[in-house]
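Only one structure is covered here, and it is reproduced in the block below.
No value in this document is a laboratory result; all are computed from the given coordinates. Here the structure is a predicted model, which is why all the values come from computation and not from measurement.
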Amino acid sequence: MTRSEPITTDEFSYTIIIEPAEEGGYVVTCPSLRGLATQGETLEEARAMAADAIQGYLECLREDGLSIPPSDQPLAEPIRDRVTVKLQTV
């Protein structure tokens, strides 16, 4: 008989920023994980690619014996507004 150990998992949540790309699709970055960037053609694909990139990033940190940044709280939604200014013509 072999004794089996239960498999445990750690769960992390990170804020991502999804921005439209000039050439189409979306670019995703994660402020808590320096240098992490990915992209997707659709929002769903961009989110899936972000999850995959974050998992790979964290696995590399763990393999290298580095600490994993703690999960972060979602950032408040940015306020977007339009400001109009007038410049005097010369």
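Overview of values
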read-out: Most mobile of G56, G25, G65 in a GNM of the chain (Cα contacts under 10 Å); value: G65
read-out: Nearest-ten-degree value, helix 43-63 long axis tilted from longest Cα axis of the chain; value: 50
